[in-house]
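Read the structure below first, then the notes.
The values are calculated or read from the model by the stated rules, or taken from the named source; none is laboratory data. The structure presented is a predicted model; accordingly, all values stated were derived computationally and were not measured. Here the Cβ positions follow ideal geometry from the backbone for every residue, glycine too, while neighbour counts run over all protein chains shown. Surface areas here come from the heavy atoms of the whole protein model, side chains and all, with no ligands, DNA or RNA. Shrake-Rupley method; radii C 1.70, N 1.55, O 1.52, S 1.80 Å.
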Amino acid sequence: MSTNNSNYDRLKELKAFDDLKAGVKGLVDTGLTKVPQIFIHPSENLHTANTYNLQIPVIDLDDTRNKDNVIREIREASETWGFFQVVNHGIPIHVLEEMLQGVLRFYEEPNEVKVNYFTRAWDRKVRYGSNFDLYSSRAANWRDTLFCAMAPEHPDPEEFPVACRNIILEYSKQVERLGITLFGLLSEALRVKPEYLKDMDCAKGRAILCHYYPACPEPELTMGTTKHSDPDFLSVLLQDHISGLQALHQGQWVDVPPVPGALVVNIGDLLQASISAFNTVFILRFGPLSLIGLLSHTAKTKHQFDLISDEQAK
């Protein structure tokens, strides 16, 4: 459908989609073969994967490594990229795998189960929906999200979907420990005491966002996630096996392919702002970063999803 069609009522289509309370997954389950117009992005925002020979840093956090080397690598990655992957981070592989499987179980449940969590009410600590900016964005993203506010006020366990309740609680504990470790290493990279960022309450708030990108009949027309930066202190991202994440580095979009067992770490806007305020004191300044989520052409036949653990200010 042409976007110049004078008879097209975008608000009506947005509301019809929202009223279904089934998200993008619900549309896909109807067997649609065309992307609805509300999801079609301007051509200037759509681009293919690059061929640049660049790779974001992968940092080994193994306890047996020389800590000074780990801190140096984190300092260099933060200055240059503001973005890196970590391996041997202390979270067991089976926890990562079960987290992905648990979230997938939730999204594959009948809509009569998921609809109990579907809401746009910001005061709900556990909520399911699609496109928090649905009515204000230029084009909707091909993505559904299960949002869980984990700290500082922990939700009642009964608030979580049964399909992923136990593993979300376990994963959250594991990521909390990793977050404190990362804040300690980042503090030392800043040449201050290890407790510095933690004492600033950088680790006080925490949320888990479980993004799901259903199979798309026309992935060349839409996006899973548009260009953005993360409005938090630190993001820890767990990807599944399907590529799609890109990072903007020195004006070039760089693929961030999944590394088995790795977690992607992004220095968020709040941490960059906090550090920049003390830039005359600290040598390190975190590099700017934008992220984008493309729908790969394999998404015609496969879903893909990722999990983001945000360390937020509360």
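Any idea which residue in region 12-26 is farthest from V113 (Cα to Cα), counting only those that are in contact (Cβ under 8 Å) with a residue 12 or more places away in the chain and either assigned to a helix (DSSP H, G or I) or of a type in the set (D, E) (or both)? First the steps, then the outcome.
To start, the set of residues in region 12-26 that are in contact (Cβ under 8 Å) with a residue 12 or more places away in the chain comprises 13-14, 17-18, 21-26.
When the remaining residues are screened for being either assigned to a helix (DSSP H, G or I) or of a type in the set (D, E) (or both), the result is 13-14, 17-18, 23-26.
Numbers: E13: 24, L14: 23, F17: 18, D18: 17, G23: 13, V24: 16, K25: 13, G26: 12 Å.
Among residues in region 12-26 that are in contact (Cβ under 8 Å) with a residue 12 or more places away in the chain and either assigned to a helix (DSSP H, G or I) or of a type in the set (D, E) (or both), the one farthest from V113 (Cα to Cα) is E13.
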Quiz prompt | All positions within region 57-82 that are closer than 27 Å to Q246 by Cβ, modelled with pLDDT of 90 or more, open to solvent by less than 60 Å² (accessible area, probe 1.4 Å) and assigned to a helix (DSSP H, G or I) | solution = V70, E73, I74, R75, A77
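Find the strands (runs of 3 or more DSSP E) located wholly in region 185-273 whose residues include 3 or more that are buried (at least 16 other Cβ atoms within 10 Å of the Cβ) and at pLDDT 90 or above, and list them. Can you show your working first?
Working: elements: 205-213, 225-228, 234-239, 245-249, 252-255, 263-267.
So the answer is 205-213, 234-239, 263-267.
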Exercise. Scan region 98-145 for residues that are open to solvent by less than 60 Å² (accessible area, probe 1.4 Å), in contact (Cβ under 8 Å) with a residue 60 or more places away in the chain and within 18 Å of T226 (Cα to Cα) and jot them down.
Key: G129, S130, L134, S137, A139, A140, N141, W142, R143, D144, T145
Quiz item: Within region 174-183, can you find the residues that are open to solvent by less than 10 Å² (accessible area, probe 1.4 Å) and farther than 16 Å from H154 by Cβ?
Solution: L178, L182, F183
Quiz item: Quick one: what pairs do we get from region 43-62, first residue closer than 26 Å to W142 by Cα, second of a type in the set (G, A, S) and at pLDDT below 90, C-beta under 9 Å, 6+ apart or different chains?
Solution: A49/S243; A49/S296; I56/A247
Practice problem: Considering every residue within region 159-170, establish whether at least one is touching a residue at least 24 places away in the same chain (Cβ under 8 Å), crowded, with 16+ Cβ neighbours inside 10 Å, among the aromatic types (F, W, Y) and in a strand (DSSP E or B). | Solution: no
